[in-house]
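Starting off with a structure, shown below.
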Amino acid sequence: MKRALVTGGSGTIGAAIARALGDAGHFVYVHAHRNADAAAGVAAAIAAAGGQASAVAFDVTDHDATAVALRALLDDGPIQVLVNNAGVHDDAPLAGMRAAQWTGVIDVVLNGFFNVTQPLLLPMMATRWGRVINIASVAGIAGNRGQANYAAAKAGLIAAGKSLAIELGSRGVTVNSVAPGIVEGPMGAAAFPPARVKALVPVGRAATPREIADVVAFLASDAASYVSGEVIRVDGAMY
């Protein structure tokens, strides 16, 4: 049984990813920062379905606290599947964006990627099998009005993943990004009413969280052993 860590696992997409990995037979660490109770609920749901999971809580923007938390996980063995899903958005046109809005989003998405991923790499590489899957966004590919900070962070995540894929290619570790478009859930519903979704998405609807999670589960499987350095859009032909 391989051990997986899903950051931001208490949220809509993260919870679906954690459950999909649990269904695939992985032991899943469901991460949260402020919403530890929700992460515990996701872990309990995985266990109720016959899987194995545990909730963990730490702030991905805090390098030292993240290192301490990850050392505790590594005491039980390497993490071989890492899903960097933790993210936040704080939207405003760039002309009116506060510095805190810019740095806050970059800190969670991009610095959080470094803080979580870097300590896990050597133990993962030693097993000669690993999967790093970054949850990006179509905003990181095409941009989005009012989201220069979010688009920059997700574009940086994609570029970091491509570089890491090159670095780890000979070590049995693949690195890929999944770029969702509009996804069902509170955040998507608030930003995209049904008429807007139909206008933007040729498929005519938002993705379900499970549809994102199923792509992640594929990338985490042996079937995706030769897929690395890729960005897979899950956007209903939006772009």
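The values are calculated or read from the model by the stated rules, or taken from the named source; none is laboratory data. In this text the structure is predicted, and so the values were computed from the model without any measurement. Please note: Cβ atoms are built from the backbone with ideal geometry, for glycine as well, and neighbour counts cover all protein chains shown.
Report, ordered by the first and then the second residue, all pairs with beta carbons closer than 8 Å, sequence separation of six or more or different chains, a first member in segment 1-30 that is crowded, with 24+ Cβ neighbours inside 10 Å, and a second member that is of a type in the set (A, V, I, L, M) and at pLDDT below 95.
Matching pairs, first to second residue: 26/1.
Are any residues in segment 123-152 more than 14 Å from the chain's Cα centre (by Cα), outside any helix (DSSP H, G or I) and either closer than 24 Å to residue 17 by Cα or not basic (Lys, Arg) (or both), and if so, which ones?
Selection gives 127, 128, 129, 130, 143, 144, 146, 147.
Can you find a residue in segment 103-124 that is more than 26 Å from residue 68 (Cα to Cα) and of a type outside the set (Phe, Trp, Tyr)? Working first, answer last.
Restricting attention to segment 103-124, the residues satisfying the condition of being more than 26 Å from residue 68 (Cα to Cα) are none.
No, that holds for no residue.
Specify the residue that is surrounded by the most Cβ atoms within 10 Å (Cβ to Cβ); the eligible residues are those in segment 187-203 that are among the small types (Gly, Ala, Ser) and at pLDDT below 90. Lay out the reasoning, then the answer.
Initial filter on segment 187-203 (among the small types (Gly, Ala, Ser)): 188-191, 195, 199.
Keeping just the survivors that are at pLDDT below 90 gives 188-191.
Working: 188: 18, 189: 14, 190: 8, 191: 15.
So, considering only residues that are among the small types (Gly, Ala, Ser) and at pLDDT below 90, the one surrounded by the most Cβ atoms within 10 Å (Cβ to Cβ) is 188.
Next question. Does segment 179-225 hold any residues that are aromatic (Phe, Trp, Tyr), in contact (Cβ under 8 Å) with a residue 12 or more places away in the chain and either part of a helix (DSSP H, G or I) or more than 18 Å from residue 237 (Cα to Cα) (or both), and which are they? Write out each step before concluding.
Let us first name the residues in segment 179-225 that are aromatic (Phe, Trp, Tyr), namely 192, 218.
Restricting the remaining residues to those that are in contact (Cβ under 8 Å) with a residue 12 or more places away in the chain gives 192.
Correct list: empty.
I've got another one for you. Looking only at residues in segment 41-80 that are part of a loop (DSSP other than H, G, I, E, B), without any contact (Cβ under 8 Å) to a residue 60 or more places away in the chain and among the small types (Gly, Ala, Ser), which one is surrounded by the most Cβ atoms within 10 Å (Cβ to Cβ)?
Per the criteria, the residue is 51.
Let me ask something else. Restricting attention to segment 35-56, does a residue exist that is out of contact with any Asp or Glu (no Cβ under 6 Å at 6 or more places or on another chain), closer than 23 Å to residue 161 by Cα and of a type outside the set (S, T, N, Q)?
Of the residues in segment 35-56, the ones out of contact with any Asp or Glu (no Cβ under 6 Å at 6 or more places or on another chain) are 35-56.
Keeping just the survivors that are closer than 23 Å to residue 161 by Cα gives none.
Looking for residues that are out of contact with any Asp or Glu (no Cβ under 6 Å at 6 or more places or on another chain), closer than 23 Å to residue 161 by Cα and of a type outside the set (S, T, N, Q), one finds none in segment 35-56, hence no.
Under 6 Å by Cβ, and 6 or more places apart or on different chains, what pairs join a residue from segment 126-152 that is over 18 Å from residue 163 (Cα atoms) with one that is outside any helix (DSSP H, G or I) and of a type in the set (Asp, Glu)?
138/235; 146/91; 147/91
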